[in-house]
Every structure is written in structure tokens, then in C-alpha cells.
């Protein structure tokens, strides 16, 4: 049985992180005994599960969904991960578009014969279009 401080130290997380997980329902709030809340091995497993899932790029809502599944719930677990993968692919495409735009700006700036900076010109022209 561990206190919250010992649990945090054992799992290398902040006490406030554990409290936050409890507030949003990712972790249980143990009953108080002699003014202390004691955590067990299941709480350690839950915290490790959360950490591994976060390291894999899952969001807390997705982690909560996975925590509610049984080990045999392959289809549901796969669906959660598939949806996350689709979101990641979408974000990668957005980032590739941003990279292309920034690369283009750098090339324009390096190769432009004009006096004014093409990057600043494009940014200012975008701003004037939005304000009208």
C-alpha cells in the first residue's frame, strides 16, 4: 500500500498529475484510512497504462476509453487506435503543407531580386485581406 507521494515517486509522475487523473476519472480515488489514501498494485498498473498510452501519442479521452475495455475487446481497442492513427495522418498532411509553405517562403526570400522581403510581403498581404 502506497500513499500518493510514494505512488508518484514509484511511477515517476507528479502528485498533481495523479490528482488530475482522478478528477477526470482515469484513476480511482481510494477511500481514506487514518487521514491517508492508500494505493495498491492495480493503481500502479493503471498509472503505467496511462503513461504507456500517452507515450504512444494517445489522448486522455482515448486512454479513458481503452481503460474501460476488457483484454478480450480487440475490435473496440483496434477502433480507438485506428481513429487515433487517422487523426495523426491528417495532422501529418497539415504539417507537410505548412512545411511546403515555409520552404517556399525561404526559397523566395533567398532568390528574390526585390527590395522587400517576400516573406513579410506575403504575411502583410494575408493580414490586409483578412481585415477587409
Report task. Compute log10 of I(q)/I(0) for the chain with the Debye formula, placing one identical point scatterer on every Cα and leaving out solvent, at q = 0.19, 0.20 Å⁻¹, to two decimals. Result -> -1.06, -1.14
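Determine, from the Cβ-Cβ distance of residue 44 and residue 77 and an R0 of 35 Å, the FRET efficiency 1/(1 + (r/R0)^6), rounded to the nearest 0.05. The partial results should precede the final answer.
Working: r = 21 Å, r/R0 = 0.61.
In this case the efficiency is close to 0.95.
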Requested in this report: In a Gaussian network model over the chain where Cα atoms closer than 10 Å are linked, find which of 95, 60, 26 has the largest mean-square fluctuation.
Outcome: 95
Report task. Please find, in a Gaussian network model of the chain (springs between Cα atoms separated by less than 10 Å), the residue of 54, 99, 87 whose mean-square fluctuation is greatest. Result -> 99
Query raised in the report: In the P(r) worked out for region 46-90, what percent of Cα pairs fall beyond 17 Å?
Result: 27
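Per 0.36 nm of contour for each residue apart, how much would the distance between residue 122 and residue 14 grow if the chain were fully extended, relative to their Cα-Cα spacing? Walk me through the numbers on the way to the answer.
Numbers: separation 108, 0.36 × 108 = 38.88 nm, distance 4.44 nm.
Gain on extension, residue 122 to residue 14, equals 34.4 nm.
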Query raised in the report: Okay, helix-only estimate at 222 nm for the chain: each DSSP H run of n ≥ 4 adds -39500 (n - 2.57), divide by all residues, round to 500 deg cm²/dmol; what do you get?
Result: -23000 deg cm²/dmol
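Kirkwood hydrodynamic radius for region 69-132: how many Å is it when counted over pairs of different Cα atoms?
With all distinct Cα pairs of region 69-132 included, I get 15.3 Å.
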Query raised in the report: If one computes P(r) from the Cα atoms of region 1-58, what percent of pairs lie at distances over 15 Å?
Result: 45
Query raised in the report: Stretch residue 91-residue 52 to full length: gain in nm at 0.36 nm per residue minus the Cα-Cα span?
Result: 11.9 nm
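Taken together, the values in this text are just the output of simple stated rules run on the coordinates, not laboratory data. Only a predicted model underlies this, so the values are computations on that prediction, with no experimental measurement involved. Methodologically, a virtual Cβ is constructed for each residue, glycine included, from the backbone with ideal geometry; neighbour enumeration extends over all protein chains shown.
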